[in-house]
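Peer 1: Have a look at this one.
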Amino acid sequence: MNKEFNKMFDVETIRSDFPILNQEINGSPLIYFDNAASTQKPKSVITSISNYYKKDHSNVHRGVHSLSVRATEAYEESRRSIAQFINAAHDYEIILTKGSTESINLVANSITPQINKEDEILITTMEHHSNIVPWQELCIRTGAKLKVIPINTNGEIDLNALSQLINKRTRFVSLVHVSNTLGTINPVKAVIEMAKSVNAYTLIDGAQAVAHMDIDVQSLDCDFYVFSGHKLYGPTGIGVLYGKEECLQSLTPYQYGGEMILKVTFEETTYNELPHKFEAGTPNMAGAVGLRSAIDYLGSIDLDMARNHEMALHDYALNQLLLIPNIEIIGTANNKSAIISFIIKKLHPHDIGTILNQKAVAVRTGHHCTMPLMDHYKISGTIRASFSFYNTKDEVDVMIEALDMAINMLS
Ligand code: PMP
């Protein structure tokens with residue numbers, strides 16, 4: 001059933017929190033439908049970063065002076081707030097990284113000594129390159145085999161095929177929670193249960209999920225969960241690796257140097273405790289402060305209504321798009337997030353995206369870092385509109401008008 005717009009949700013108030021939205025592109029008001037690539041930042045996030053540098057900045061940990069103590073407190077407070085946000089059992093299960101990509105690389109690198117040539121790693125057809133290439137490289141290093149869980153034509157994981165693929169050689173199952181290209185919400189809990197039945201590790205790529213649904217890593221019971229701050233209304237350059245304590249303990253360090261050590265002599269080094277064992281070098285304190293502020297911002301709005309609004313936009317846009325001749329929607333899963341990928345037969349996505357930009361409509365075009373998925377659909381790319389709670393129904397109408405214009409111009 002289609003979601004309806006809720007009159008109680010005041011999108012104009014929300015929009016006034018996001019200064020970047022208040023601008024014109026090519027003489028028309030900006031319409032930002034590229035939220036899956038990166039979300040915009042509320043004033044509170046921008047101010048928190050600026051205040052951190054104006055008042056609290058110094059290097060973290062070990063400092064005895066006030067600024068270092070304050071910077072350390074701010075950084076560790078962010079970790080606590082992230083742990084609460086995804087319901088991690090312990091703060092030290094949160095490792096702060098550059099983003100989802102670095103978090104996956106960390107795990108795929110640090111698990112190397114536990115993998116051998118008899119082992120199999122499972123991913124799905126719809127993975128982002130960030131959740132393909134690190135595992136390919138692990139397989140090259142170890143001789144393990146990379147196997148791919150197929151999807152059906154709607155863009156849903158084939159759970160029957162998965163039950164055939166998974167076996168006692170499966171050491172790792174790594175899959176995306178919400179596909180950045182198709183919008184599919186994967187049944188990750190069912191996959192995690194299947195993986196556990198053969199004692200395989202699980203990693204969930206939550207880059208597209210955290211901003212749009214409640215995440216409870218204890219209830220999911222995954223071993224690792226990753227996401228990026230910049231897709232959660234926070235700054236770039238900060239992201240999260242959640243790992244169960246025993247899983248993180250079993251990994252070797254990813255990078256070596258300051259912060260990640262307890263004792264160093266020229267002969268040998270003792271590594272630091274969690275989480276510092278995985279945070280070599282000076283971390284991104286301002287990024288952590290900004291990410292905490294983004295989480296606070298989400299806590300200050302009615303998220304149920306916000307998410308309902310996003311899905312109402314999705315449903316409305318989808319119904320309008322389906323009226324356009326020669327359109328094909330790529331990704332029609334039953335359980336979807338507010339992302340729509342489509343192609344117009346015989347027209348190139350980039351040409352359409354360029355004309356939409358003339359009307360100030362920002363959509364993403366191309367393979368969305370999912371080239372194997374494009375191969376699966378035998379296409380080179382799609383046009384992707386991805387919605388946030390600060391978007392409006394009027395903006396969808398402008399996109400549809402601009403799309404009609406683009407099709408007329410190009411046909
Ligand atoms: N996974 C998915 C599903 C994504 O959408 C993205 C970003 N497009 C990533 C991983 C990588 O995130 P980042 O570039 O922030 O590391």
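The values are calculated or read from the model by the stated rules, or taken from the named source; none is laboratory data. Since the model is a prediction, treat every value here as computed from it, not as a measurement. Virtual Cβ from ideal backbone geometry, glycine too; neighbours counted across all protein chains shown. To get the accessible areas, we keep the full protein, side chains included, count just its heavy atoms, and leave off ligands, DNA and RNA. Shrake-Rupley method; radii C 1.70, N 1.55, O 1.52, S 1.80 Å.
Peer 1: Near the amide H of residue 232, under 5 Å away, which other amide H atoms are found, from residues 5 or more places off or on another chain, if H is placed in the peptide plane?
Peer 2: 39
Peer 1: Which loop-located trypsin sites (Lys or Arg not before Pro) does the stretch 363-411 contain, where loop means any DSSP state but H, G, I, E or B and the Cβ has at most 15 other Cβ atoms within 10 Å?
Peer 2: 378
Peer 1: Would you please report the Å³ per residue occupied by the convex hull of the alpha carbon atoms in the stretch 89-187?
Peer 2: 124
Peer 1: Expressed as a whole percentage, what fraction of the accessible surface of the stretch 46-299 belongs to carbon and sulfur atoms when a 1.4 Å probe is rolled over the protein heavy atoms?
Peer 2: Heavy-atom surface of the stretch 46-299 belonging to carbon and sulfur, 1.4 Å probe: 50 percent.
Peer 1: Which whole-angstrom value gives the distance between the alpha carbon centres of the stretch 225-283 and the stretch 136-209?
Peer 2: Taking the Cα centre of each part, the stretch 225-283 and the stretch 136-209 sit 25 Å apart.
Peer 1: Note down the Stokes-Einstein diffusion coefficient of the chain in µm²/s, whole number, using a Kirkwood radius over alpha carbon pairs, 4 °C, and 1.567 mPa s.
Peer 2: Approximately 58 µm²/s, per Stokes-Einstein.
Peer 1: Still on this model: With θ taken as phi - 60° and the coefficients 6.51, -1.76 and 1.60, list the Karplus ³J(HN,Hα) couplings across the stretch 155-165 in order, rounded to whole Hz; mark glycine and proline as x.
Peer 2: With the stated coefficients, the stretch 155-165 comes to x, 10, 4, 8, 5, 5, 4, 4, 5, 6, 7 Hz.
Peer 1: Please list 3J(HN,Hα) in residue order for the stretch 271-286, calculated via the Karplus relation 6.51 cos²θ - 1.76 cosθ + 1.60 where θ = phi - 60°; whole Hz, with x for glycine and proline.
Peer 2: Rounded to whole hertz, the list is 7, 6, 6, 5, x, 5, 3, 10, 10, 6, x, 5, x, 8, 5, 4.
Peer 1: May I have the extent of the alpha carbons of the stretch 305-357 along their three principal axes, as whole Å values ordered from largest to smallest?
Peer 2: Extents along the principal axes: 37, 24, 16 Å.
Peer 1: Turning to a different aspect of this structure: Only Lys, Arg, Asp and Glu count, each charged at its Cβ (+1, +1, -1, -1), so figure out the dipole size of the stretch 1-121 about its Cα centre, rounded to 20 debye.
Peer 2: 480
Peer 1: Quick one: dipole size for the chain, taken about the Cα centre, charges +1 on Lys/Arg Cβ and -1 on Asp/Glu Cβ, in debye to the nearest 20.
Peer 2: That gives the chain a dipole magnitude of about 580 debye.
Peer 1: At a Cα cut-off below 27 Å, give the lysines reachable from residue 393, other chains included and same-chain residues fewer than 8 away excluded.
Peer 2: 3, 7, 41, 43, 231, 336, 345, 359
Peer 1: From largest accessible area down, sort 193, 259; use a 1.4 Å probe on the protein chains.
Peer 2: 193, 259
Peer 1: For the chain, what does the accessible surface come to per residue with a 1.4 Å probe? Please give it in Å².
Peer 2: For the chain, the per-residue accessible area is 43 Å².
Peer 1: In degrees from 0 to 90, rounded to the nearest 10, what is the angle of the helix 188-197 Cα long axis to the longest principal axis of the chain?
Peer 2: Taking the Cα atoms of the chain, the angle to 188-197 is about 40 degrees.
Peer 1: Then there is this: Please list, ordered by chain and number, the residues whose modelled amide H lies under 5 Å from the amide H of residue 120; skip anything fewer than 5 residues away on the same chain.
Peer 2: 145, 170, 171, 172
Peer 1: Sort out for me the Cα centre separation of the stretch 387-408 from the stretch 1-67, rounded to whole Å.
Peer 2: Each part reduced to its Cα centre gives a spacing of 22 Å.
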